[in-house]
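The values are calculated or read from the model by the stated rules, or taken from the named source; none is laboratory data. Just so we're clear, the structure is a prediction, and the values are computed from it rather than from any experiment. Note that each Cβ is placed from the backbone with ideal geometry, even for glycine, and that neighbours are counted across all protein chains shown. Remember, those area values only see protein heavy atoms, side chains included, never the ligands or the DNA or RNA. Shrake-Rupley method; radii C 1.70, N 1.55, O 1.52, S 1.80 Å.
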Amino acid sequence: MRNSEHSEQPKKKGPDFERLKKDVLAWLARGLPEYLTYHSVEHTKNVLEAAIRIAEAEDVTDRDLLELKTAAVFHDTGFVLGTGDHEKSSCKLAREWMPKYGYSSSAISRVCEMILATNIPQKPKNHLSKVLCDADLDYLGREDFWAISNRLFQEFKYLGVVSDEEDWNQLQLRFFKSHSYFTDTARDWRNEKKAEHLAEVKALVEQ
């Protein structure tokens, strides 16, 4: 009888990622200031999609994939609190939110490690962090680069990071020269188009 009762106990549920994603994205939509034309809800969705694509190609599965997706959802939440040290703020928010959705303390630590790795210059120390970093800057080697780049220019101009297009192009050129993708997948998928964009930015600087 005791064994029968034991076998009928429900299995412990894992983290509820889908509910967390829905709630965090809704919170971001309400809380992100309009001047963040690049670091928007659309950017977070974009990074999540890129992270999933890269992860699948890199054979990331199960718990690792779940935590990677969670890190992607949280990685820029700190912008709701302010633009300074937003990765640390994002990690703080992850620590506050994740327990409510069934995540363990060890999972939260791994998610925070991924989030902190996206700080520029990126310095990922493990495979999952490398995937998230590449997803965060996936647009550098995509067809929609110029549209997304313009949104970042508008945001940086508002924040006083750059003063005009000439200043922005110089910054972009320095960034392109310093950036490298970390995963084989991102290099295979994005390096060729990224090199084209580098050449285009270089031409703008030199004209």
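Some observations on this one:
- Length released on extending from residue 45 to residue 13, taking residue separation times 0.36 nm less the Cα-Cα span: 9.0 nm
- Euclidean distance between Cα centres, the stretch 28-94 to the stretch 155-207, Å: 21
- Applying a 4.7 Å Cβ-Cβ cutoff to the chain, the cysteines left without a disulfide-compatible partner are 133.
- Fully extended contour minus Cα-Cα distance, from residue 187 to residue 164, at 0.36 nm per residue: 5.2 nm
- Over all pairs of different C-alpha atoms in the chain, the reciprocal of the mean inverse distance, the Kirkwood hydrodynamic radius, equals 18.2 Å.
- For the stretch 59-103, applying the loop criterion from DSSP together with a ceiling of 14 other beta carbons within 10 Å to the chymotrypsin sites (Phe, Trp or Tyr not before Pro) yields no site.
- Packing here is the average count of other Cβ atoms within 10 Å per residue, and on that basis the peptides 196-207, 18-29, highest first, run 18-29, 196-207.
- Packing here is the average count of other Cβ atoms within 10 Å per residue, and on that basis the peptides 56-62, 185-191, highest first, run 185-191, 56-62.
- Each peptide in 127-138, 160-171, 44-55 gets a packing score, the mean of other Cβ atoms within 10 Å over its residues, and the list from highest to lowest is 127-138, 44-55, 160-171.
- Subset of 21/88; 13/88; 88/130; 22/123 violating a 22 Å alpha-carbon distance limit: 13/88; 22/123
- Accessible carbon and sulfur surface of the stretch 124-198 relative to its total accessible area, %, 1.4 Å: 47
- Net dipole in debye of the chain [+1 Lys, Arg Cβ; -1 Asp, Glu Cβ; about Cα centre; nearest 20]: 840
- Estimated inter-spin distance, residue 109 and residue 53, nm [label 7 Å along Cα→Cβ]: 3.4
- Max mean-square fluctuation residue, GNM over the chain, Cα-Cα springs under 10 Å, options 193, 100, 13: 13
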